[in-house]
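Structure, as structure tokens:
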Amino acid sequence: MDRSKLTKIILTVISLALVAAVSYMLWGIFKMLLTESGREAFEEKVLSLGAFGWLVILGLNVAQVFLFFFPGEPVEVLSGMCYGVFGGLIIIFAGIFISCAIIFFLVRKVGKSAVSSLIGKEKVERIENSRILRSKTAERLLLLLFVIPGTPKDFLVYVGAMMPVKPARFVILSTLLRFPGIVSSTIVGDSFAEGNTALAVTVYAVTLVLSLLLMAYYSKKDGVKEILELNRHAPAGGTQEHGDDEEDER
């Protein structure tokens, strides 16, 4: 067997095994973070770890992007609850950057075999055969979705890695352009931690309305519509954020 093919097979098996193992271990944690009481209990545990606590939150953010079918909003809200708006932003951005860079490298290195197991063979084939997704405007359309709260951003990292985009540019921009969704989540988390429920609810409501309006407008555009349709039946329902059928949050 060709050495390159053997390497791809080994990397694919290792990647899938790691995804399965980490998913199993983190399921209990993510399930806990779906409730306010669970987030508060986990916050106490994290803060009791002292300086080591931020590594725990960083790890959760990295894992959540990898496992795009887990909801991301609870992790981001928790980040704001534990370390405030500014501290939460730094940890989340660091986690997203690390995970996006690794995902992009693995997809480009391993190829579509591993990605097919995660997002489905049909979706991979649609990406490869799509005229729009293989065009020069594809990157601009994809990056637009990273700005809008409520779009499946973690899922889109896998899509972007299979499209004709520049690695460094894509990883950096797909991280930084998530700012609107991330800052709203950390504000909500920080507000809950400070007991300012009114501000938390207001920020959540405003983000939800903006998400719905922007998605209603941009989802009608051909390129954007085609990209979003790839996530319609993603494994385990995709990831989540404020609004838009509870899809990915950043």
In sequence order, calculated HN-Hα J values of region 83-100 (Karplus, 6.51, -1.76, 1.60; Hz; x Gly/Pro)
10, x, 5, 5, x, x, 4, 4, 5, 5, 4, 4, x, 5, 4, 4, 5, 4
Please turn the phi angles of region 49-61 into ³J(HN,Hα) values with the Karplus equation 6.51 cos²θ - 1.76 cosθ + 1.60 (θ = phi - 60°), one per residue in order, whole Hz, x for glycine and proline.
7, x, 4, 6, x, 5, 5, 5, 5, 4, x, 5, 5
What is the sum of charges, Lys and Arg at +1 and Asp and Glu at -1, for the other residues whose Cβ falls under 12 Å from the Cβ of GLY80?
-4
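Only the coordinates and a few stated rules stand behind these numbers; no lab work does. Values in this document were obtained by computation on a predicted structure and should not be read as measured data. Neighbour counts run over all protein chains shown; Cβ positions are idealised from the backbone, glycine included.
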